[in-house]
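First up is the structure itself, then whatever we jot down about it.
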Amino acid sequence: MMFSRQQYDSGFFKSVALVAVAAALSACGGGGSDRDRRVGTIGTELRSAQFVVNESLGSVSFAGGDTLNLSLSVGSGAFHVPDDDRDVFYTITDRGPTVPCTDTGEVIGVDNFCSNSNGSVFAQPEFRPQILRWKLAESGNNLTLDLVERTTLRDQFNNPVEGVPPSFSQALDEIPYNPNGNQLQRNPNGMDPEALVRLDNGRFWIAEEYGPSLVLVESDGEVVERQVPAGIASDLNGSTFDVKEDILPAIYAKRGVQRGIAALAVSPDNSFLYFAMKGPLANPNTAAVENSRIVRVGKVSLNANGTPNALVGEYLYRLDSAAQYDLQADGETAVQSDVTVNEMSAVATDDLLLVEQAGTASKVFRINLANAASIQGSEFDSPSTSPSLEQQQALEDYPFVVKQPVFNSATDPRAGGIDEIGTGFEGFAILNSDFAAVTTDNEYGLRGVQSKIVVLPIPGLLNGTVSPVAPVLSYENSAIASNGADFDVNAADIVVANPSRERMFVANNAQGSIDVFSLATPLSPTLSSELDIAEVATSSGITAGRITAMTLTADYLVVTIANANAQEDGVLALYDLTTLGLTATYDVGPSPAAIAADRTAARVFVANEGVPNNSYSVDPEGSVSVVDFRSGVTSAIVTEIDFQDFNTGGSRADELPEGVLITGPGATVAQDLEPGSLSTSLDGSRLYVVLQENNAVAKINVASLEIESITAFGSKDFGGAAAGLDTNNNGLAQINSRPGVVGLFQAGSVDCFNYSGQRYYLTANTGAPRQYAGFNEVVPAADLDGFNGPAIDSANPSIGAASNNSEIGRLQVSNVTGDTDNDGDIDEISAFGGRSFSIWNDDGQLVFDSGDDIAQITQAYLGNDFNNRDAGSIGQGAKPSAAVLVGSQGRVYAFIVLEASGGVLVYDVTSPFGAQFVQYINNRSFASDPQFDTGDIGPANIAVYSDTSGAYLLVANGRSGTVRVFEVGSTLDTE
C-alpha cells in the first residue's frame with residue numbers, strides 16, 4: 001500500500017497496507033473463502049448476453065382513454081445465492097402495472113383521470129407479486145435463459161398477495177384507482193416488493209415500499225412476518241399476516257410515496273440483513289427534502305432460522321448529485337429527487353455493492369459499514385427532531401459511509417452484443433467475480449418498453465479489490481509548526497517537505513526567508529535553521545521580492561523569487577538539500593508564480609504571470625520558463641515559451657478561443673495571458689498551464705516545448721442543478737440557485753492524474769478578479785444598471801435580483817465579461833471563481849464539477865460563519881485555493897484547502913465521473929471580533945510527506961503563520 005502524490009512520492013496509512021496483504025493472500029486461494037468472494041465457479045460459462053422477456057398479461061382499456069397491451073416486468077429486484085451455480089438467480093416483480101395519476105394524459109390519453117392526483121391507476125388490481133427463478137444455459141456459442149420456477153406470495157390461508165396498497169394514517173398515503181377511474185378498496189395485505197434475498201434455509205427476505213416493510217417469506221411463498229415501522233401496525237388491522245414492529249424505528253414511516261425500502265442484502269454467513277431506503281425520508285415533508293442527498297442504510301442481526309433479532313446499525317449514505325448524472329447522460333435534465341437507490345448486494349459482512357440510478361444512468365458503488373458511525377438511537381431517529389436529518393447536507397459527528405465507484409453505465413464501455421440498457425438497473429445480482437445479472441423496469445409495457453434481463457460483464461467486479469477504505473484527518477493526530485511570527489504577516493505561505501532528509505521548508509515572506517523544520521518526529525516539528533533569500537538577490541543581481549513557489553527534486557530545493565519590481569524578471573534558485581547552501585540561480589520571467597518538475601526532475605517549468613503595475617502602464621508578457629538541468633546545474637539552459645503567436649495578426653491568432661478572457665486595457669494577447677499554476681501529466685508528456693485571470697488553460701508538449709492548444713474553461717451556471725451560491729454578506733447562510741448568474745472558473749491550482757489510461761487534471765476554482773488603479777473590472781451587480789456600468793440584458797432571469805441588495809445586488813461581478821452576443825449589454829452576470837473544484841479531460845472538456853458542494857458542506861459544519869463569516873459570499877465564497885492529489889490502494893484522493901473559510905476538504909476522485917466527498921475538517925474558532933479568531937486561518941498551500949512512521953499532510957496557513965502537520969489515518973482506524 002502506497003500513499004503518494006500522483007507524481008508518486010511514497011508511503012501511506014499503515015493500517016490499509018495490512019488490508020492489502022490480507023486481500024492478496026485470499027485472492028491466491030490460501031485461506032480465503034470462495035463463498036465470501038462469491039466467485040461462482042460452477043455452472044454455465046458466463047458471457048455477455050441480453051434477453052427480452054415478452055410474457056403477455058393481456059390488455060386493459062381505460063375509461064375514455066386508450067387500450068394498452070401489458071407484459072410482465074420481471075425484475076424489481078434480483079439476487080444470486082453465493083452457494084448456487086453461477087447460472088441461477090432470482091428476481092421479484094413489484095405490485096403490478098400502474099400509472100401515476102399525474103401521468104394519465106401521457107400514458108392513457110386522459111388528463112385528470114383520477115379525482116386526486118396523489119395516487120396511481122392500477123391497470124390490473126388483481127396482479128399478484130411473484131418470485132421468479134431463472135437459469136442460464138448454453139446453446140452453441142450463445143446463452144439461453146429459462147424461467148424454471150414461479151412462486152406467488154401468499155398468506156397462511158393460501159390467499160395470494162396483491163399490489164393494491166393498505167390505507168395509512170401514520171404515513172404518506174397513495175390513493176389507488178381502477179381502470180374505470182374509481183377508487184379501489186384498500187388491501188391491508190397489499191405489498192409493493194422492490195428487492196429480495198434468499199437465505200441458506202430457503203426462506204426469503206423481501207423489501208417492500210408501502211410500509212415500508214421487511215417481509216420474511218417461506219420458500220413456498222407463504223409470508224411468515226411483516227416488519228413495519230413502530231406505530232403503524234394498527235394501520236394494517238385486518239391483515240392476515242403476522243405484522244410486527246420489532247425492528248424499524250417509527251421514523252421510517254416518513255418514507256415518501258414510492259420511496260420505501262428499495263434494496264436488500266444479506267451477509268454471506270446469513271448473520272445480517274442490510275436494507276436501504278430508495279431515497280431520503282419525507283422528513284418533515286416531501287417539499288422540505290426535495291434536494292436532500294441523505295439515504296438511510298440499516299443493518300439487522302438475524303437469528304439462526306432467519307428471523308430478525310434486532311436492528312444493530314443505521315448509517316448515512318450520500319447520493320450523487322443530479323449534476324453528476326447530467327454531465328454523463330443525454331436527455332432531460334435530472335433533478336435531485338430523480339436520484340435513487342435501487343439495489344444492494346453483500347460481498348462480505350459490512351462490505352456491500354449498492355446501485356444508484358437517475359434516468360437511464362445507473363452506477364454501482366462499493367460501500368463499507370465497518371467502523372462507520374451509526375445514528376441508531378440518536379436524535380435523528382425521532383420524527384420531532386428539527387431540522388431533520390434529511391434537511392442536513394452533512395453531519396460532523398456522523399460521517400457518510402465510504403463510497404467508491406465500481407461501474408457507471410453512462411461512461412463505462414458496453415460489451416459487444418449489449419444494447420443500451422435504456423431504463424436503468426432495477427435488479428442487480430452478482431453471478432461471479434466478473435458478471436452480474438441486470439433487470440430493467442419496463443413498467444409492464446405501459447409505455448411501450450420491453451422488459452430485459454442482461455448478463456452484464458463488469459471486469460474486476462470483485463477480484464483484486466478490497467473493502468473500501470478512505471483517509472481520515474484529525475486534529476488529535478496533528479501538530480503545529482510555527483516560527484513565532486505575528487498573525488497575518490505571511491509567515492507561512494508555501495510548504496514542501498523532503499522525506500530523505502526529514503525536513504520541511506516553509507516560505508516565510510514576513511522575514512524574507514525559508515524556515516527549515518526537522519521532521520525526524522513528524523508530529524513534533526522543530527525549527528532548525530533559516531535560508532535568507534538576500535543571498536539569492538546578491539547572486540542574481542535583483543532586489544528580492546516575495547518567495548512565490550517551491551518544489552523539490554532528489555538533490556535540490558527549488559525556489560522562485562519575484563523581483564521587488566514585479567514587472568521585472570524573477571529568479572529561480574537551487575539549494576543543495578544536503579548542505580542547504582545556495583547552488584545556483586537562473587533568471588526567469590516577470591512575476592514567477594508556480595513551479596513544476598518533469599518526471600525525471602531534469603527540467604523545471606516556471607509559470608510567469610507577468611502581472612501589470614498598479615496603474616496598468618506597464619504590463620509584461622506572461623510566459624513559461626523551462627530550466628533544463630540535463631547537462632548539469634552549472635550548464636543549465638533556460639528557455640522561454642511565450643504566447644506572441646496568439647497576438648492579433650500572429651501566426652496562431654485564429655486558434656485563440658473566443659472564451660479566453662482578454663480584458664486588460666491596450667494589452668496584447670501575450671501581455672494579457674497570465675500563467676498562474678501548472679502541472680505535468682503522469683506520463684510526463686504534457687504540461688498544463690492555467691491562465692487564471694483569462695479563465696483558460698494552455699497545453700504544452702513537453703518534448704517539443706510547443707504550445708499545443710489554449711482552451712477556454714467557460715463558465716459555471718449558478719442556476720443549474722446543485723450549483724447554487726450565497727450572494728449576500730448579511731451574516732446568514734443562504735445558498736440559492738441564481739439563473740442568469742455564472743462563475744468564471746479561474747482556477748488557482750492544477751494537478752494531474754490518470755483514469756483508464758487517459759489523462760485528466762483537477763483544478764481548484766479560486767477566482768481572480770483584476771483590481772488595479774488603472775483597471776478595475778469588479779463592481780457590485782447592482783452597478784450593472786446602464787449608468788454605473790453596462791446594463792443587464794432584459795432576458796436575464798436575475799435582472800431584477802441584481803438591482804436588489806438583499807438578493808444579488810452586492811455580488812462582486814465583472815463589468816467587462818458576459819456580453820455573449822456582443823451587443824453591449826451583459827447577458828451573463830459573471831462572478832469570479834467557480835466556488836468549486838473541477839475535473840477536466842486532456843482536451844479541456846469539463847467532466848466533473850463539485851457544484852455547490854463546498855458551500856453546502858462548509859455551511860453544514862460552520863453555519864452562518866461559512867464563507868469567512870459570510871463576508872466572502874459576495875466575493876469568491878470559501879475560496880478553494882490549492883489542491884494536491886495523492887494515491888493509495890488504487891484510489892486517488894484530492895485534498896483541497898479553503899483559504900477564506902479555512903479547513904481541508906477530502907474527496908475520492910479516482911473516477912473523474914464519480915468523485916465522492918470523504919471529509920471536511922476545520923478547527924477555526926470564529927470569535928465575535930475576527931481579530932480574536934483562533935485555529936488554523938487562511939490555508940493557502942498544501943503538501944504531502946511520508947516516512948516509515950506513516951503519511952502526513954502539510955497545510956500552510958498564511959494568515960495564522962503556521963503549518964499544520966496531519967498524520968493521515970484511515971477509516972479502519974476509527975471506532
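The values are calculated or read from the model by the stated rules, or taken from the named source; none is laboratory data. Computed from a prediction, not measured in an experiment: that's the story for all the values here. Every residue, glycine among them, receives a Cβ derived from its backbone with ideal geometry; neighbour counts consider all protein chains shown. In case anyone asks, the SASA skips ligands and DNA or RNA and just uses the protein heavy atoms, side chains included. Shrake-Rupley method; radii C 1.70, N 1.55, O 1.52, S 1.80 Å.
Taking the numbered list (1) over 28 Å from Pro620 (Cα atoms); (2) more than 34 Å from the chain's Cα centre (by Cα); (3) open to solvent by less than 50 Å² (accessible area, probe 1.4 Å) in turn, Thr553 passes all entries but (2).
Taking every residue in the stretch 357-371 that is closer than 20 Å to Pro468 by Cα and pairing it with any residue that is in a strand (DSSP E or B) and basic (Lys, Arg), at least 6 positions away or on another chain, the pairs with Cβ-Cβ distances below 8 Å are Phe365/Lys403; Arg366/Lys403; Ile367/Lys403; Leu369/Lys299. Please find, within the stretch 585-616, the residue that is nearest to Arg630 (Cα to Cα) out of those that are out of contact with any Lys or Arg (no Cβ under 9 Å at 6 or more places or on another chain) and at pLDDT below 95. My answer is Ala601. Quick check, is Asp672 open to solvent by less than 50 Å² (accessible area, probe 1.4 Å), touching a Gly at 6+ places or on another chain (Cβ under 9 Å), touching a residue at least 40 places away in the same chain (Cβ under 8 Å) and closer than 30 Å to Met550 by Cα? In short, yes. Of everything in the stretch 128-162, what is within 23 Å of Val81 (Cα to Cα), out of contact with any strand residue (DSSP E or B) (no Cβ under 6 Å at 6 or more places or on another chain) and part of a loop (DSSP other than H, G, I, E, B)? Give them in sequence order. Scanning the stretch 128-162 gives a single hit, Leu153. Scanning the stretch 393-442 for residues that are hydrophobic (A, V, I, L, M, F, W, C), more than 28 Å from Ile42 (Cβ to Cβ) and at pLDDT 90 or above yields Ala394, Leu395, Phe400, Val401, Val402. Among the residues of the stretch 333-352, are any surrounded by fewer than 22 Cβ atoms within 10 Å (Cβ to Cβ) and either without any contact (Cβ under 8 Å) to a residue 12 or more places away in the chain or outside the structural domain of His80 (by the TED database) (or both)? No: the stretch 333-352 contains no residue that is surrounded by fewer than 22 Cβ atoms within 10 Å (Cβ to Cβ) and either without any contact (Cβ under 8 Å) to a residue 12 or more places away in the chain or outside the structural domain of His80 (by the TED database) (or both).
Considered as a group, the residues in the stretch 115-125 that are modelled with pLDDT of 95 or more and assigned to a loop (DSSP other than H, G, I, E, B) include one that is surrounded by the fewest Cβ atoms within 10 Å (Cβ to Cβ), and that residue is Gln124. Could you tell me which numbered condition Ala348 fails, if it satisfies all but one of (1) within 23 Å of Ile261 (Cβ to Cβ); (2) in contact with a strand residue (DSSP E or B) (Cβ under 6 Å, 6 or more places away or on another chain)? The single condition Ala348 does not satisfy is (2).
Conditions (1) hydrophobic (A, V, I, L, M, F, W, C); (2) in the same structural domain as Arg759 (by the TED database); (3) in a strand (DSSP E or B), marked per residue:
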position: Tyr907; (1), (2), (3): no, yes, yes
position: Ser911; (1), (2), (3): no, yes, no
position: Val918; (1), (2), (3): yes, yes, yes
position: Asn941; (1), (2), (3): no, no, yes
position: Ser946; (1), (2), (3): no, no, yes
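Rundown of residues vs (1) of a type in the set (S, T, N, Q); (2) in a strand (DSSP E or B); (3) within 16 Å of Arg810 (Cβ to Cβ), yes/no style:
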residue: Gly731; (1), (2), (3): no, no, yes
residue: Asp751; (1), (2), (3): no, yes, no
residue: Asn754; (1), (2), (3): yes, yes, no
residue: Arg759; (1), (2), (3): no, yes, no
residue: Leu762; (1), (2), (3): no, yes, no
residue: Gly774; (1), (2), (3): no, no, no
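Scan Phe425, Phe407 and give me the residue that is assigned by the TED database to the domain that holds Ala323, under 24 Å from Thr91 (Cβ atoms) and not in a loop (DSSP other than H, G, I, E, B).
Working: Phe425 fails: not in a loop (DSSP other than H, G, I, E, B).
The unique qualifying residue is Phe407.
Whenever a residue of the stretch 143-160 is touching a residue at least 40 places away in the same chain (Cβ under 8 Å) and open to solvent by less than 60 Å² (accessible area, probe 1.4 Å), its partners that are assigned to a loop (DSSP other than H, G, I, E, B) and aromatic (Phe, Trp, Tyr), lying with C-beta atoms within less than 8 angstrom and at least six residues away or across chains, give the pairs Asp155/Phe241.
Would it be correct to say that Tyr444 is open to solvent by 40 Å² or more (accessible area, probe 1.4 Å) and among the aromatic types (Phe, Trp, Tyr)? Considered against the rule, which asks whether it is open to solvent by 40 Å² or more (accessible area, probe 1.4 Å) and among the aromatic types (Phe, Trp, Tyr), Tyr444 comes out as no.
Which of the strands (runs of 3 or more DSSP E) contained wholly in the stretch 805-888 include at least 1 residues that are β-branched (Val, Ile, Thr) and crowded, with 21+ Cβ neighbours inside 10 Å?
Strands (runs of 3 or more DSSP E) meeting the threshold: 812-814, 829-832, 836-841, 880-888.
With respect to the conditions (1) surrounded by fewer than 15 Cβ atoms within 10 Å (Cβ to Cβ); (2) within 41 Å of the chain's Cα centre (by Cα), Glu209 lacks only one, and its number is (1). Taking the listed residues Ala768, Ala781, the one that is crowded, with 19+ Cβ neighbours inside 10 Å, closer than 18 Å to Asn729 by Cα and not β-branched (Val, Ile, Thr) is Ala781, with no other qualifying.
Yes or no, residue by residue, for (1) free of Cβ contacts under 8 Å to residues at least 12 places away in the same chain; (2) more than 29 Å from Val909 (Cα to Cα); (3) open to solvent by less than 30 Å² (accessible area, probe 1.4 Å):
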| residue | (1), (2), (3) |
| --- | --- |
| Pro249 | no, yes, yes |
| Ala276 | no, no, yes |
| Ala304 | yes, yes, no |
| Leu316 | no, no, yes |
| Ala322 | no, no, yes |
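For the stretch 959-973, filtered to residues that are closer than 23 Å to Leu885 by Cβ and open to solvent by 10 Å² or more (accessible area, probe 1.4 Å), the residue that is nearest to the chain's Cα centre (by Cα) is Thr971. For the stretch 686-722, which residues satisfy the criterion of being open to solvent by less than 10 Å² (accessible area, probe 1.4 Å) and either over 24 Å from Ile662 (Cβ atoms) or free of Cβ contacts under 8 Å to residues at least 24 places away in the same chain (or both)? Within the stretch 686-722, just Val702 meets the criteria. Is it true that Asn189 is open to solvent by less than 30 Å² (accessible area, probe 1.4 Å), at pLDDT 95 or above and assigned to a loop (DSSP other than H, G, I, E, B)? Yes: the conditions hold for Asn189. Exactly one residue among Ala573, Ala566 is in contact (Cβ under 8 Å) with a residue 40 or more places away in the chain, farther than 22 Å from Met504 by Cα and buried (at least 16 other Cβ atoms within 10 Å of the Cβ), and that residue is Ala566. Exactly one residue out of Phe435, Phe428 is touching an Asp or Glu at 6+ places or on another chain (Cβ under 6 Å), open to solvent by less than 40 Å² (accessible area, probe 1.4 Å) and under 23 Å from Gly460 (Cβ atoms), and it is Phe428. Checked against (1) at pLDDT below 95; (2) touching a strand residue (DSSP E or B) at 6+ places or on another chain (Cβ under 8 Å); (3) of a type in the set (D, E, K, R); (4) surrounded by fewer than 24 Cβ atoms within 10 Å (Cβ to Cβ), Asp330 passes all but condition (2). Considering every residue within the stretch 896-907, establish whether at least one is of a type in the set (D, E, K, R) and more than 25 Å from Gln692 (Cα to Cα). Within the stretch 896-907, not a single residue is of a type in the set (D, E, K, R) and more than 25 Å from Gln692 (Cα to Cα).
Residues in the stretch 591-637 that are touching a Gly at 6+ places or on another chain (Cβ under 6 Å) and surrounded by fewer than 15 Cβ atoms within 10 Å (Cβ to Cβ): Ser615 alone.
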